[in-house]
1. Among (1) at pLDDT below 90; (2) within 30 Å of residue 201 (Cα to Cα); (3) surrounded by 10 or more Cβ atoms within 10 Å (Cβ to Cβ), there is one condition residue 246 misses while meeting the rest; what is its number?
2. Which condition number does residue 229 fail, the rest of (1) under 38 Å from the mean Cα position of the chain (by Cα); (2) in contact (Cβ under 8 Å) with a residue 24 or more places away in the chain being met?
3. Output yes when any residue across segment 398-412 is touching a residue at least 24 places away in the same chain (Cβ under 8 Å), surrounded by 10 or more Cβ atoms within 10 Å (Cβ to Cβ) and over 60 Å from the mean Cα position of the chain (by Cα), and no when none is.
4. Can you tell me which residues in segment 74-97 are without any contact (Cβ under 8 Å) to a residue 24 or more places away in the chain and crowded, with 19+ Cβ neighbours inside 10 Å?
5. I'm told residue 360 meets every condition in (1) closer than 22 Å to residue 469 by Cα; (2) surrounded by 11 or more Cβ atoms within 10 Å (Cβ to Cβ) except one. Can you identify the failing condition by its number?
6. Tell me which residues, restricted to segment 365-377, are exposed (fewer than 12 other Cβ atoms within 10 Å of the Cβ) and at pLDDT below 80.
7. Is it fair to say residue 181 is in the same structural domain as residue 272 (by TED's automatic domain parsing), over 26 Å from residue 282 (Cα atoms) and surrounded by 14 or more Cβ atoms within 10 Å (Cβ to Cβ)?
8. Do we have any residue at all in segment 341-359 that's under 30 Å from residue 460 (Cα atoms) and not in a helix (DSSP H, G or I)?
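The values are calculated or read from the model by the stated rules, or taken from the named source; none is laboratory data. This is a predicted model, so every value here is computed, not measured. All Cβ positions, even for glycine, are placed from backbone atoms using ideal geometry, and neighbour counts span all protein chains on display.
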C-alpha cells in the first residue's frame, strides 16, 4: 500500500489515511495501466463520434457491459478498418483512466473485425438493403463498348495488378490507359475508391483529358478484411451512379465482394477484366480478312449467276432483224390492201348515195302538190271572205231600218271592219309578195329564213306574187338550173 500511495504517512484523525483527488486519480491510473497493460477486447461498436479534432470516440459493448474507447487522431490512418455503429470488432490497445471525469477508457490503436462471421453478416445486411433499392437490378446495367478508345483503371499504383492490366491491353489491342491511383485497403481506402469512380464519371472529355469509355476497378487477392473497402456502401453507390460501364476485378476468382453485384460486369481476375475491356486485334483482323474473302467470293458468284441469267435471257429473245423484216412485210401488205380497198369503198358509198337519191320524190311533183294545196287554201279563203262580206251586207241591210243611233253604230262597226280588212290585207302573204318580196322554201316546203339553211339545201323554191321559181343554191353542185312555174 505504501508503494502505491507514497504520501500515506500523512494521517490525520486516527488510522484513516488522507489523499488528494489527484493522488487517487493517479493511483487508479497506475493500477489500471500496470494491471492490464496491452489488451484485446471484443465488442460491438456503439455511440460512435468523430470529433472536430480528428479523434474518434465510441463504446464497446456486449451482453454484460460497456467500455468507453478512444482512438487518437494520429492512430486513425493505421487503425485497419472504418469504425461504424453495430460492427463487432476486436480492439487492441491499453486501459487508461481520465481523472477529470473520474472515468476509465480504452485507448485503441488497432481494430479488427471479430471473425468472418461478423463481417459476412454485415455484408449480407448491406446486400439485402441495396438489393431492395434495385442497385443490383440487371436492367440498369450498361453494355460494355465493343472497342473503347480510352480505358480508365482504379487500383493501387504498386503491385502487379496495374502491370497485368497494361500488359494485357498492350498485347490484345493497344489503347490509352488512364490510371487513378488509390489505396485498396485500410483506413480511407473506400473514400478514395469512391472519389476516383466519381472523378472519372465527372470528366467531360477533351484532348488533354479524354473521358474513359470503360472503367476497371481492380485489386489483387486478400483476406475478407483486406477486401472490405469494396464492400463499402459509398463505393457501391458511386459505381451505381457512374454513367461509364464498370468492370469489377477484385481478388481472385473465388473472392466475391458486393461491387461485383453492382458493377456492369464482373471479371474473375484483373487480367480477365483487361481481356473483357478490349478484343484481340489479331482476331479482329483475321475475322475481317475472312469476311472480306467471303464477300469477294459471294460477289463473284453473284456476278457469275447474273451473267448466266443474262445469257439465258439473250438466248430467249427473238431475232431482231427477222422481227423487223416481218413487220416491214406486214406493213407493205396492209398498204397494198388499203390501195385496193379505198376505191372499192368509195364506189360502195356512191352506190348507197345514188340509191338514196333514187328513192327521193321528184322536185316538180312536190312543187305541184304544194301549188295545188296553196290554190285550195286561196280559194277557201276567198270563199270565206265573200261569205263574210255577204253576211255583213245582209246584216247591214237589216240594220238600216234601225234608229239613227244604231245606224251610227253600224257605220262605226263597218269602219272597224273595213280597217280590220285593210290590216288583214296588209298582213296577207300575197300583199307582202306584191311589194316585191319572195318566199324561199326547200323542196319539202319548209321556209328557209337564213342563207346558211339555203346553202345546205339541195334545191330551193322562191315564191313570188305571180308564181314560183325553183333554183339550185351556189355551192350545192357544179350545175345550177332555174325554171319559172306560173
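1. It fails just one condition, (1).
2. Going through (1) under 38 Å from the mean Cα position of the chain (by Cα); (2) in contact (Cβ under 8 Å) with a residue 24 or more places away in the chain one by one, residue 229 breaks only (1).
3. Looking through segment 398-412, none of the residues is touching a residue at least 24 places away in the same chain (Cβ under 8 Å), surrounded by 10 or more Cβ atoms within 10 Å (Cβ to Cβ) and over 60 Å from the mean Cα position of the chain (by Cα).
4. Result: no residue meets the conditions.
5. Going through the list (1) closer than 22 Å to residue 469 by Cα; (2) surrounded by 11 or more Cβ atoms within 10 Å (Cβ to Cβ), residue 360 breaks only (2).
6. The first filter runs over segment 365-377 and keeps only residues exposed (fewer than 12 other Cβ atoms within 10 Å of the Cβ), leaving 365, 372-373, 375-377.
Correct list: 365 only.
7. yes
8. Looking for residues that are under 30 Å from residue 460 (Cα atoms) and not in a helix (DSSP H, G or I), one finds none in segment 341-359, hence no.
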